[in-house]
Amino acid sequence: MHIPDAILDGKTLVSATVLATAGVGAAAWQARRLPRSGVPLMGLSAAFVFAAQMLNFPVAGGTSGHLIGGVLAAVLLGPAAAVLVLTMVLIVQCLLFADGGVLALGANILNMGVVDAVGGYFIYRAIAAVLKGERGRVAAAAFAAWAGAVLASIVCAGELATSGITTARIAFPAMVGVHMLIGIGEGLITALVLVAVWAARPELVEPRFAAETSSKRSFVAYGLLIAAALAVFVSPFACPWPDGLERVTRDLGVGGRVGTHSSPLPDYHVPGIGNIGLATALAGLIGTLIVFALSLALARALVPRESPIEAAPEAGAGAATP
């Protein structure tokens, strides 16, 4: 759902950027409440989301989709930290890989970093209040991840219609329809990751479990290795079909208007390497490590050395209340 340049008009770009800036600013303020023990998890979440977003999966009719990851990050860290995680991922994707336009960066952050993460998180909280225990929380997260992707597609469709790309009558069914299918993959991946996290560190999802922090470093280290492995060994085999937004813009006949900008690793390839698989693997590894380092540095800068407020139980261990 990465919007390229030359698709949205000026008023839509400015409006989306203003809203995204307000959302990221509020998230940065709220993230100060993240417990210090959750700082490395922000880096790990960013690395995993970046690597997972490289893994496009086939949906239907020659269309692919990929994880957004906003709800997953929000369940583990809280909505404020999730917004910052997605923002850092999207900035790196834009500037380093030319994935999403520079002028459209605000719109992409608004859609995937704010609407998906925050909107999906509150849906998760509402369902998790009714469905208790591991299965209940995983089911709530899976549905919320699906709903978050659909919410983001609704806003994106509104941006396309506001820009005059097409009419609302066409934009909303096209975008929402394909992302209702993509959201199924989003929900399944979110559920599978949470099940794995529950097995390794249950206190990150269910705070009633006693949390021992002595193994946190090893958990983060192994998690980073898994993210790197996905980027190196799986991303070269990702589905090459266009994603939901690319397919919709092609069908609307505006694919030729897509603008591009120069970047060090365009289209997730390291220049000068003839083997496409190796070029993609190296680009994925570089991006994963950069996103991890930048997100970790941001978290350390925002979170006080001794956090004044511990995470509230209902937000999940390590997550700040909204």
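Does Leu245 satisfy the criteria of being over 19 Å from Gly62 (Cα atoms) and either modelled with pLDDT under 90 or not in a loop (DSSP other than H, G, I, E, B) (or both)?
no
Condition first: closer than 15 Å to Pro202 by Cβ and without any contact (Cβ under 8 Å) to a residue 40 or more places away in the chain. Now tell me which residues in the stretch 134-154 satisfy that.
Of everything in the stretch 134-154, those that are closer than 15 Å to Pro202 by Cβ and without any contact (Cβ under 8 Å) to a residue 40 or more places away in the chain turn out to be Arg135, Gly136.
Pairs linking a residue in the stretch 85-111 that is over 10 Å from Asp5 (Cα atoms) and touching a residue at least 12 places away in the same chain (Cβ under 8 Å) to a residue that is of a type in the set (D, E, K, R) and outside any helix (DSSP H, G or I), with Cβ atoms under 7 Å and 6 or more positions apart or on different chains, are Gln93/Asp99.
Answer yes or no: is there a residue in the stretch 100-107 that is at pLDDT 95 or above, out of contact with any Asp or Glu (no Cβ under 7 Å at 6 or more places or on another chain) and either more than 22 Å from Val176 (Cβ to Cβ) or part of a helix (DSSP H, G or I) (or both). Yes, that holds for at least one residue.
Conditions tested, residue by residue: (1) surrounded by fewer than 22 Cβ atoms within 10 Å (Cβ to Cβ); (2) in contact with a Leu (Cβ under 7 Å, 6 or more places away or on another chain); (3) touching a residue at least 24 places away in the same chain (Cβ under 8 Å); (4) within 22 Å of Val232 (Cα to Cα).
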residue	(1), (2), (3), (4)
Asp9	yes, no, yes, no
Ala16	no, yes, yes, no
Thr21	yes, no, yes, no
Ala27	no, yes, yes, no
Phe50	no, no, yes, yes
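Yes/no matrix, rows are residues, columns are (1) modelled with pLDDT of 85 or more; (2) assigned to a helix (DSSP H, G or I); (3) on the phi > 0 side of the Ramachandran plot:
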position: Pro207; (1), (2), (3): no, no, no
position: Ala211; (1), (2), (3): no, no, no
position: Val220; (1), (2), (3): yes, yes, no
position: Ser235; (1), (2), (3): yes, yes, no
position: Gly274; (1), (2), (3): yes, no, no
position: Thr288; (1), (2), (3): yes, yes, no
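When the stretch 71-99 is filtered for residues that are outside any helix (DSSP H, G or I) and of a type in the set (A, V, I, L, M), only Ala98 remains.
For the stretch 22-70, the set of residues classified as in contact with a helix residue (DSSP H, G or I) (Cβ under 7 Å, 6 or more places away or on another chain) and not in a helix (DSSP H, G or I) consists of Leu34, Met54, Leu55, Phe57, Val59, Ala60, Thr63, Gly65, His66, Leu67, Ile68, Gly69, listed by residue number. Taking first residues from the stretch 167-191 that are closer than 22 Å to Gly253 by Cα and partners that are of a type in the set (D, E, K, R) and modelled with pLDDT under 95, the Cβ contacts under 7 Å between residues at least 6 apart in sequence or on separate chains come to Ala174/Asp251; Val178/Arg247.
Would you please name the residue that is modelled with the lowest pLDDT, looking only at residues in the stretch 155-205 that are outside any helix (DSSP H, G or I) and crowded, with 16+ Cβ neighbours inside 10 Å? Walk me through it before giving the result.
Just the residues of the stretch 155-205 that are outside any helix (DSSP H, G or I), to begin with: 163-167, 201, 205.
Narrowing the set further to residues that are crowded, with 16+ Cβ neighbours inside 10 Å leaves 163, 165-166, 201, 205.
On the way: Ser163: 94, Ile165: 87, Thr166: 89, Arg201: 79, Val205: 72.
It comes out as Val205.
The values are calculated or read from the model by the stated rules, or taken from the named source; none is laboratory data. Keep in mind that what you see is a predicted model, and the values were worked out from it rather than measured. Heads up, the Cβs are rebuilt from the backbone with ideal geometry, glycines too, and the neighbour counts pull from every protein chain shown.
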